[in-house]
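Report on the structure given below.
The values are calculated or read from the model by the stated rules, or taken from the named source; none is laboratory data. Note that the structure is a prediction, hence the values are computed from the model and not measured. Here Cβ is always computed from backbone atoms with ideal geometry, including for glycine, and neighbour counts include all displayed protein chains. Ligands, DNA and RNA are stripped out before the accessible areas are found, and what is left, the full protein with its side chains, is counted by its heavy atoms. Shrake-Rupley method; radii C 1.70, N 1.55, O 1.52, S 1.80 Å.
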Amino acid sequence: QVQLVESGGGLVQPGGSLRLSCAASASIFSTYYMSWYRQAPGKQRELVAGITSGGVTTYADSVKGRFTISRDNAKNTVYLQMNSLKPDETAVYYCFARRAPDSFWGPGTQVTVSS
């Protein structure tokens, strides 16, 4: 069982930045594929960014060039740096860990982009 705890959400103005963190309980964190999803009210949950155990990253087209996912295996933590945030990116952001056949979700952290 892996426990994930997100932090770093909050209220930010359009064009601003936030850095989300996701701390994992697993001592074998480095072997997990980690990703960030988001879910806006009334919408489906969508993949934002992912990072393999080897550090290969992928991004949704809508966030390329503005968001950066990274991981610190020594701290069992994955990060999401979000720049130039837009109002329609207001959502609950979730951390997701996967190592077949297991997968785990964090409880989420609210990000609100508003003036």
Qualifying residue in segment 53-60 (condition: modelled with pLDDT under 95, open to solvent by 50 Å² or more (accessible area, probe 1.4 Å) and closer than 13 Å to Cys22 by Cβ): no
All positions within segment 11-48 that are in contact with a Phe, Trp or Tyr (Cβ under 6 Å, 6 or more places away or on another chain) and either at pLDDT below 95 or not in a strand (DSSP E or B) (or both): Arg45
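What's the total number of residues in segment 77-106 that are assigned to a loop (DSSP other than H, G, I, E, B) and out of contact with any Cys (no Cβ under 9 Å at 6 or more places or on another chain)?
7
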Residues being surrounded by fewer than 18 Cβ atoms within 10 Å (Cβ to Cβ) and part of a strand (DSSP E or B) - total across segment 61-76: 3
Qualifying position, being small (Gly, Ala, Ser) and either at pLDDT below 95 or touching a Phe, Trp or Tyr at 6+ places or on another chain (Cβ under 7 Å) (or both), among Gly108, Gly65: Gly108
Selection from segment 58-115 of residues that are of a type in the set (Val, Ile, Thr), in contact (Cβ under 8 Å) with a residue 24 or more places away in the chain and farther than 16 Å from Gly15 by Cα: Ile69, Thr77, Val78, Val92, Thr109
